[in-house]
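**Student:** So that we are looking at the same thing, I have put the structure below in structure tokens.
The values are calculated or read from the model by the stated rules, or taken from the named source; none is laboratory data. Worth saying up front: this structure is predicted, and the values here are computed from it rather than measured. Quick reminder, even Gly has a Cβ in these numbers, built from the backbone with ideal geometry, and neighbours come from all protein chains shown.
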């Protein structure tokens with residue numbers, strides 16, 4: 001194992017995650033790409049891009065608010081406008097930012113009405129900073145932006161272009177510390193799956209499984225449990241992508257996807273289980289699902305193309321969907337970092353005609369799905385993979401090479417019931433003979449009645 005799994009504390013006796021290096025290298029990477037571009041500056045509202053550039057964070061409650069923004073001018077340092085008192089906090093506690101942390105409030109996704117002038121205030125702030133650096137005539141790259149802010153910038157004479165693609169390119173290759181944090185984030189989910197495996201039993205509800213996972217992750221230092229897909233029984237196919245309050249039953253399939261972040265770095269990590277026992281159809285589906293996943297993992301190494309990976313996955317029509325768009329995400333690979341979905345994206349929908357080269361430093365998840373022949377159960381597995389200089393390393397370690405059965409085995413007077421068994425057992429030979437004997441008796445009785453009449 002080349003990758004390290006450190007404790008989450010800072011210590012004086014071991015070099016662990018180097019957060020100063022993390023900040024420097026992330027910023028240097030986007031600065032370098034910006035210098036090679038035609039843009040004069042980048043303006044970012046996306047929380048993940050703001051964190052990548054400024055190494056600041058104010059909690060996941062702000063993730064979808066568009067309430068903070070940063071400007072990165074060519075050949076200069078980033079300026080951050082943040083939510084009220086958060087700006088003062090950064091001045092006190094983020095020495096790499098200092099007085100470049102300022103208060104600034106946009107329209108809060110339209111909650112502040114146009115006559116309040118917040119969009120114009122944002123545009124004026126940006127125009128002043130660009131003019132001070134002689135960049136106001138250069139294209140301004142933006143990532144996600146509210147329409148009123150974009151139009152206010154245009155009224156200030158600023159030309160808007162797509163800057164998000166540049167951030168996607170920067171975040172595609174991870175630094176050493178980013179990879180360490182992704183590995184540690186996956187380690188936490190390893191532990192959550194172990195607790196879940198021990199706890200699953202008939203009667204446990206999907207929402208209870210979600211609560212168990214969230215508690216374990218937060219106890220271990222998770223910053224944000226974004227979601228836990230808990231899908232059981234007849235809900236498994238087609239995949240609904242959300243949990244319910246359904247209770248687990250003996251013989252059920254159940255699969256989970258655990259998505260959380262540690263220091264901003266995410267997981268996307270599926271596992272499938274059977275409860276108490278597994279029917280043959282689920283065992284077969286799991287093996288098919290695992291084979292597709294292993295085939296794609298085997299291809300992960302520098303110089304390969306994403307089209308080669310996607311080509312080993314089945315066509316949508318082979319598992320019940322009319323098109324690749326309709327089956328999207330069931331057989332897929334995606335980069336993972338500060339966001340769940342980053343480059344490269346791997347799918348038969350796009351990768352066969354638009355391949356990307358696999359490079360060292362990429363970190364992505366590969367996930368596969370296969371429905372059972374019974375028409376309602378299914379298997380879903382996912383592994384996270386770091387691309388190394390010579391190949392790859394899988395960082396999701398909870399066992400998944402074969403289908404795991406959770407819950408205590410069922411013990412009868414004749415011994416333990418088989419792990420592979422159908423929910424409705426076939427009749428034993430004695431029952432078959434009993435039915436046949438009864439049928440013969442009925443036939444004999446009918447003949448006697450006919451003879452007597």
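**Student:** Under 15 Å from residue 31 (Cβ atoms) and either in contact with a strand residue (DSSP E or B) (Cβ under 9 Å, 6 or more places away or on another chain) or assigned by TED's automatic domain parsing to the domain that holds residue 127 (or both): does that describe residue 72?
**Tutor:** On the way: under 15 Å from residue 31 (Cβ atoms): yes; either in contact with a strand residue (DSSP E or B) (Cβ under 9 Å, 6 or more places away or on another chain) or assigned by TED's automatic domain parsing to the domain that holds residue 127 (or both): yes.
In short, yes.
**Student:** In addition: I need the full set of residues from the range 9-40 which are assigned to a helix (DSSP H, G or I), more than 25 Å from the chain's Cα centre (by Cα) and under 20 Å from residue 163 (Cβ atoms), in order please.
**Tutor:** Here is the first cut: in the range 9-40, the residues assigned to a helix (DSSP H, G or I) are 19-35.
Those left that are additionally more than 25 Å from the chain's Cα centre (by Cα): 20-21, 24, 28, 31-35.
Answer for the range 9-40, where residues must be assigned to a helix (DSSP H, G or I), more than 25 Å from the chain's Cα centre (by Cα) and under 20 Å from residue 163 (Cβ atoms): 28, 31, 32, 33, 34, 35.
**Student:** Name the residues in the range 244-256 that are surrounded by fewer than 23 Cβ atoms within 10 Å (Cβ to Cβ) and touching a residue at least 60 places away in the same chain (Cβ under 8 Å), would you? Break it down into steps so the answer makes sense when it comes.
**Tutor:** Applying the first criterion (surrounded by fewer than 23 Cβ atoms within 10 Å (Cβ to Cβ)) to the range 244-256 yields 244-247, 249-251.
Listed by number, the residues that qualify are 250, 251.
**Student:** Which of the residues spanning the range 357-377 are surrounded by fewer than 17 Cβ atoms within 10 Å (Cβ to Cβ) and either outside the structural domain of residue 332 (by TED's automatic domain parsing) or in contact with a helix residue (DSSP H, G or I) (Cβ under 7 Å, 6 or more places away or on another chain) (or both)?
**Tutor:** Here is the first cut: in the range 357-377, the residues surrounded by fewer than 17 Cβ atoms within 10 Å (Cβ to Cβ) are 357, 359-361, 373, 375-376.
Result: 373, 376.
Listed here are the residues, each with its yes/no results for (1) under 25 Å from residue 373 (Cα atoms); (2) within 13 Å of the chain's Cα centre (by Cα).
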residue: 228; (1), (2): no, yes
residue: 232; (1), (2): yes, no
residue: 243; (1), (2): yes, no
residue: 250; (1), (2): yes, no
residue: 254; (1), (2): yes, no
residue: 259; (1), (2): no, yes
residue: 264; (1), (2): no, yes
residue: 268; (1), (2): no, yes
residue: 271; (1), (2): yes, yes
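**Student:** Still on this structure: Please specify each residue of the range 262-292 satisfying the condition of being out of contact with any strand residue (DSSP E or B) (no Cβ under 8 Å at 6 or more places or on another chain) and either assigned to a helix (DSSP H, G or I) or closer than 16 Å to residue 239 by Cα (or both). Full working, then the answer.
**Tutor:** So in the range 262-292, the residues out of contact with any strand residue (DSSP E or B) (no Cβ under 8 Å at 6 or more places or on another chain) come out as 262-265, 281, 284, 287, 291.
Within the range 262-292, 281, 284, 287, 291 qualify.
**Student:** Would you be able to tell me the number of residues in the range 380-404 that are under 24 Å from residue 238 (Cβ atoms) and more than 19 Å from the chain's Cα centre (by Cα)?
**Tutor:** Residues flagged as under 24 Å from residue 238 (Cβ atoms) and more than 19 Å from the chain's Cα centre (by Cα) within the range 380-404 amount to 2.
**Student:** From the list 190, 195, pick out the single residue that is surrounded by fewer than 20 Cβ atoms within 10 Å (Cβ to Cβ) and touching a helix residue (DSSP H, G or I) at 6+ places or on another chain (Cβ under 6 Å).
**Tutor:** On the way: 190 fails: touching a helix residue (DSSP H, G or I) at 6+ places or on another chain (Cβ under 6 Å).
Answer to the check: 195.
**Student:** On the given criteria, is residue 128 in contact with a helix residue (DSSP H, G or I) (Cβ under 7 Å, 6 or more places away or on another chain) and assigned by TED's automatic domain parsing to the domain that holds residue 34? Quick ask: steps written out before the conclusion?
**Tutor:** Details: in contact with a helix residue (DSSP H, G or I) (Cβ under 7 Å, 6 or more places away or on another chain): no; assigned by TED's automatic domain parsing to the domain that holds residue 34: yes.
Considered against the rule, which asks whether it is in contact with a helix residue (DSSP H, G or I) (Cβ under 7 Å, 6 or more places away or on another chain) and assigned by TED's automatic domain parsing to the domain that holds residue 34, residue 128 comes out as no.
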